[in-house]
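Working notes for the structure below.
The values are calculated or read from the model by the stated rules, or taken from the named source; none is laboratory data. The model shown is predicted, which means the values in this text are computed figures rather than measured ones. Virtual Cβ from ideal backbone geometry, glycine too; neighbours counted across all protein chains shown. Heavy atoms of the whole protein, side chains included, go into the accessibility calculation; ligands, DNA and RNA do not. Shrake-Rupley method; radii C 1.70, N 1.55, O 1.52, S 1.80 Å.
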Amino acid sequence: MDLLQVAVTAVGAFAALFLLSKLMGHRQISELSVFDYVNGITIGSIAAEMATELEKPLRPLAAMVVWALLVWLLEALTSKCPRLRKYISGSPSIVFDNGKLYRRNMKKARLDLSEFLIQCRQQGFFDLGAIQTAVYEPDGRVLGENLHRMGVDETWLLKQLRQQGYHSAREVFLAVADANKQVAVYPVST
(Lines give C-alpha, C1' and ligand atoms only; values in the text may rest on other atoms or scores of the structure.)
Protein backbone atom coordinates (compact mmCIF):
# COMPACT_ATOMS: atom_id res chain seq x y z
CA MET A 1 0.00 0.00 0.00
CA ASP A 2 2.85 2.40 0.83
CA LEU A 3 4.46 1.79 -2.57
CA LEU A 4 1.21 2.63 -4.32
CA GLN A 5 0.91 5.85 -2.33
CA VAL A 6 4.53 6.76 -3.14
CA ALA A 7 3.82 6.12 -6.84
CA VAL A 8 0.68 8.27 -6.77
CA THR A 9 2.35 11.16 -4.92
CA ALA A 10 5.41 10.91 -7.23
CA VAL A 11 3.13 11.29 -10.24
CA GLY A 12 1.43 14.24 -8.50
CA ALA A 13 4.81 15.82 -7.70
CA PHE A 14 5.93 15.33 -11.30
CA ALA A 15 2.74 16.91 -12.62
CA ALA A 16 2.99 19.85 -10.20
CA LEU A 17 6.67 20.41 -11.03
CA PHE A 18 5.95 20.27 -14.77
CA LEU A 19 3.01 22.67 -14.48
CA LEU A 20 4.88 25.16 -12.28
CA SER A 21 7.92 25.04 -14.57
CA LYS A 22 5.72 25.83 -17.56
CA LEU A 23 4.04 28.70 -15.72
CA MET A 24 7.37 30.15 -14.55
CA GLY A 25 8.85 29.95 -18.05
CA HIS A 26 11.71 27.82 -19.25
CA ARG A 27 15.21 28.70 -20.33
CA GLN A 28 18.05 26.70 -21.68
CA ILE A 29 20.58 25.56 -19.11
CA SER A 30 23.27 27.83 -20.58
CA GLU A 31 21.02 30.83 -20.04
CA LEU A 32 20.25 30.18 -16.37
CA SER A 33 21.38 32.70 -13.83
CA VAL A 34 22.55 31.50 -10.42
CA PHE A 35 19.17 32.58 -9.06
CA ASP A 36 17.31 30.47 -11.65
CA TYR A 37 19.56 27.49 -11.01
CA VAL A 38 19.03 27.63 -7.23
CA ASN A 39 15.28 27.99 -7.69
CA GLY A 40 15.19 24.98 -9.99
CA ILE A 41 17.05 22.87 -7.47
CA THR A 42 14.84 24.06 -4.61
CA ILE A 43 11.57 23.38 -6.40
CA GLY A 44 12.88 20.00 -7.54
CA SER A 45 13.85 19.20 -3.96
CA ILE A 46 10.41 20.11 -2.69
CA ALA A 47 8.86 17.97 -5.44
CA ALA A 48 11.02 15.02 -4.37
CA GLU A 49 9.86 15.51 -0.79
CA MET A 50 6.26 15.59 -1.98
CA ALA A 51 6.78 12.34 -3.87
CA THR A 52 7.89 10.50 -0.75
CA GLU A 53 5.72 12.22 1.86
CA LEU A 54 3.11 9.64 2.74
CA GLU A 55 1.25 11.30 5.58
CA LYS A 56 0.76 14.89 4.36
CA PRO A 57 1.78 15.26 0.69
CA LEU A 58 -0.14 18.52 0.33
CA ARG A 59 2.32 20.39 2.57
CA PRO A 60 5.22 20.09 0.12
CA LEU A 61 2.83 20.89 -2.74
CA ALA A 62 1.78 24.09 -0.97
CA ALA A 63 5.43 24.96 -0.33
CA MET A 64 6.25 24.35 -4.00
CA VAL A 65 3.40 26.61 -5.14
CA VAL A 66 4.38 29.37 -2.69
CA TRP A 67 8.03 29.15 -3.79
CA ALA A 68 7.01 29.35 -7.47
CA LEU A 69 4.79 32.36 -6.76
CA LEU A 70 7.64 34.13 -4.95
CA VAL A 71 9.99 33.47 -7.87
CA TRP A 72 7.36 34.72 -10.33
CA LEU A 73 6.77 37.86 -8.20
CA LEU A 74 10.49 38.58 -7.97
CA GLU A 75 10.91 38.13 -11.74
CA ALA A 76 7.98 40.50 -12.36
CA LEU A 77 9.49 43.09 -10.02
CA THR A 78 12.97 42.83 -11.56
CA SER A 79 11.58 43.22 -15.07
CA LYS A 80 9.85 46.45 -14.01
CA CYS A 81 12.65 47.79 -11.83
CA PRO A 82 16.18 47.61 -13.30
CA ARG A 83 17.74 48.78 -10.02
CA LEU A 84 16.33 45.74 -8.23
CA ARG A 85 17.58 43.49 -11.06
CA LYS A 86 21.09 44.79 -10.39
CA TYR A 87 20.96 43.44 -6.83
CA ILE A 88 19.35 40.13 -7.78
CA SER A 89 21.26 39.25 -10.96
CA GLY A 90 24.28 41.51 -10.78
CA SER A 91 25.34 44.17 -13.24
CA PRO A 92 27.28 43.94 -16.50
CA SER A 93 31.04 44.50 -16.32
CA ILE A 94 33.35 45.58 -19.10
CA VAL A 95 36.17 43.04 -19.02
CA PHE A 96 37.97 44.07 -22.21
CA ASP A 97 37.95 47.37 -24.08
CA ASN A 98 40.23 48.73 -26.81
CA GLY A 99 42.91 46.12 -26.17
CA LYS A 100 42.87 46.51 -22.38
CA LEU A 101 41.85 43.76 -19.96
CA TYR A 102 40.11 44.91 -16.77
CA ARG A 103 41.34 42.49 -14.10
CA ARG A 104 39.24 44.03 -11.34
CA ASN A 105 36.04 43.55 -13.35
CA MET A 106 37.07 40.01 -14.30
CA LYS A 107 37.69 39.23 -10.65
CA LYS A 108 34.33 40.75 -9.67
CA ALA A 109 32.63 38.56 -12.30
CA ARG A 110 34.64 35.54 -11.07
CA LEU A 111 36.01 35.13 -14.57
CA ASP A 112 39.63 34.11 -15.00
CA LEU A 113 41.71 34.80 -18.09
CA SER A 114 41.52 31.26 -19.47
CA GLU A 115 37.71 31.18 -19.14
CA PHE A 116 37.51 34.58 -20.86
CA LEU A 117 39.64 33.31 -23.74
CA ILE A 118 37.52 30.15 -24.00
CA GLN A 119 34.34 32.22 -24.20
CA CYS A 120 35.90 34.44 -26.87
CA ARG A 121 36.89 31.40 -28.96
CA GLN A 122 33.43 29.86 -28.51
CA GLN A 123 31.99 33.02 -30.03
CA GLY A 124 34.41 32.88 -32.96
CA PHE A 125 36.99 35.41 -31.75
CA PHE A 126 40.43 33.81 -31.86
CA ASP A 127 42.22 37.16 -32.11
CA LEU A 128 41.54 39.61 -29.27
CA GLY A 129 42.44 42.39 -31.68
CA ALA A 130 39.14 41.69 -33.45
CA ILE A 131 37.21 42.57 -30.29
CA GLN A 132 36.41 46.19 -29.51
CA THR A 133 34.65 45.62 -26.19
CA ALA A 134 33.71 42.53 -24.22
CA VAL A 135 31.03 42.82 -21.55
CA TYR A 136 30.36 40.07 -19.03
CA GLU A 137 26.65 40.00 -18.31
CA PRO A 138 24.93 37.95 -15.63
CA ASP A 139 21.59 38.47 -17.44
CA GLY A 140 21.06 38.86 -21.14
CA ARG A 141 19.68 42.22 -22.25
CA VAL A 142 20.36 45.10 -24.58
CA LEU A 143 22.98 47.41 -23.10
CA GLY A 144 21.71 50.87 -23.97
CA GLU A 145 24.75 52.57 -22.43
CA ASN A 146 27.11 50.67 -24.72
CA LEU A 147 24.96 51.51 -27.74
CA HIS A 148 25.01 55.16 -26.72
CA ARG A 149 28.81 55.05 -26.42
CA MET A 150 28.95 53.84 -30.02
CA GLY A 151 26.66 56.67 -31.10
CA VAL A 152 23.70 54.41 -31.92
CA ASP A 153 20.47 53.35 -30.23
CA GLU A 154 18.14 50.34 -29.95
CA THR A 155 16.37 51.30 -33.18
CA TRP A 156 19.71 50.98 -35.00
CA LEU A 157 20.33 47.62 -33.31
CA LEU A 158 16.90 46.26 -34.28
CA LYS A 159 17.49 47.39 -37.87
CA GLN A 160 20.83 45.54 -37.89
CA LEU A 161 19.16 42.42 -36.50
CA ARG A 162 16.34 42.57 -39.07
CA GLN A 163 18.88 42.86 -41.87
CA GLN A 164 20.32 39.57 -40.66
CA GLY A 165 16.90 37.89 -40.49
CA TYR A 166 16.01 38.29 -36.80
CA HIS A 167 12.67 39.71 -35.69
CA SER A 168 13.60 40.66 -32.12
CA ALA A 169 16.50 40.72 -29.68
CA ARG A 170 14.97 37.71 -27.90
CA GLU A 171 16.15 35.50 -30.77
CA VAL A 172 19.75 36.56 -30.13
CA PHE A 173 22.09 34.99 -27.58
CA LEU A 174 24.93 37.42 -28.25
CA ALA A 175 25.41 40.33 -30.63
CA VAL A 176 28.68 42.24 -30.80
CA ALA A 177 29.64 45.25 -32.87
CA ASP A 178 33.15 46.22 -33.86
CA ALA A 179 34.59 49.73 -34.24
CA ASN A 180 33.19 49.89 -37.80
CA LYS A 181 29.69 49.11 -36.49
CA GLN A 182 29.69 45.69 -38.14
CA VAL A 183 27.40 43.47 -36.09
CA ALA A 184 28.05 39.78 -35.53
CA VAL A 185 24.96 37.93 -34.29
CA TYR A 186 24.90 34.59 -32.48
CA PRO A 187 21.36 33.21 -32.22
CA VAL A 188 19.80 31.45 -29.28
CA SER A 189 20.23 27.76 -29.97
CA THR A 190 17.11 25.62 -29.95
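Worth pointing out:
- Residues of type lysines that K159 reaches as a straight line, Cα spacing below 18 Å, ignoring anything fewer than 8 places off in the same chain: K181
- Relative contact order, percent, region 46-144 [alpha-carbon distance under 8 Å, six or more residues apart]: 26
- Efficiency of FRET between V65 and Q123 - r from beta-carbon atoms, R0 41 angstrom, step 0.05: 0.55
- A 1.4 Å probe run over the chain, with the rest of the protein chains in place, finds 70 Å² accessible per residue.
- Each of the peptides 163-171, 63-71, 98-106 was scored by the mean count of other Cβ atoms within 10 Å over its residues; in descending order, highest first, they stand as 63-71, 98-106, 163-171.
- Proximal lysines to K107, defined as alpha-carbon separation beneath 25 angstrom and excluding residues fewer than eight positions away on the same chain: K86
- Expressed as a whole percent, the accessible area of the chain that falls on carbon and sulfur atoms is 60 (1.4 Å probe).
- On the basis of the beta-carbon distance and an R0 of 25 Å, A76 and T155 show a calculated FRET efficiency of 0.40.
- Cα→Cβ-extended label distance, 7 Å offset, between K100 and V8, nm: 6.8
- Averaging the sequence gap over all C-alpha pairs within less than 8 Å and six or more residues apart, then dividing by the number of residues, gives the chain a relative contact order of 15 percent.
- Measuring between their Cα centroids, region 150-173 and region 51-92 lie 31 Å from each other.
- Taking a straight line from the alpha carbon of K108, these aspartates and glutamates sit under 13 Å away, with near neighbours fewer than eight places off in the same chain left out: E137.
- Dipole-positive endmost among F18, L128, L77 within the chain (Cβ charges, Cα centre): L128
- When only the Cβ of Lys, Arg, Asp and Glu is charged (+1, +1, -1, -1), the dipole of the chain relative to its Cα centre reaches about 620 debye.
- Relative packing of peptides 7-18, 151-162 - highest average C-beta neighbours within 10 Å first: 7-18, 151-162
- Per-residue extension of 0.36 nm, minus the Cα-Cα distance of A130 and L54, leaves a gain of 21.3 nm for this segment.
- R0 of 45 Å, Cβ-Cβ distance Q163-Y87: FRET efficiency to nearest 0.05: 0.80
- Per residue, the chain reaches -18000 deg cm²/dmol at 222 nm when only DSSP H runs of four or more residues are counted, each adding -39500 (n - 2.57).
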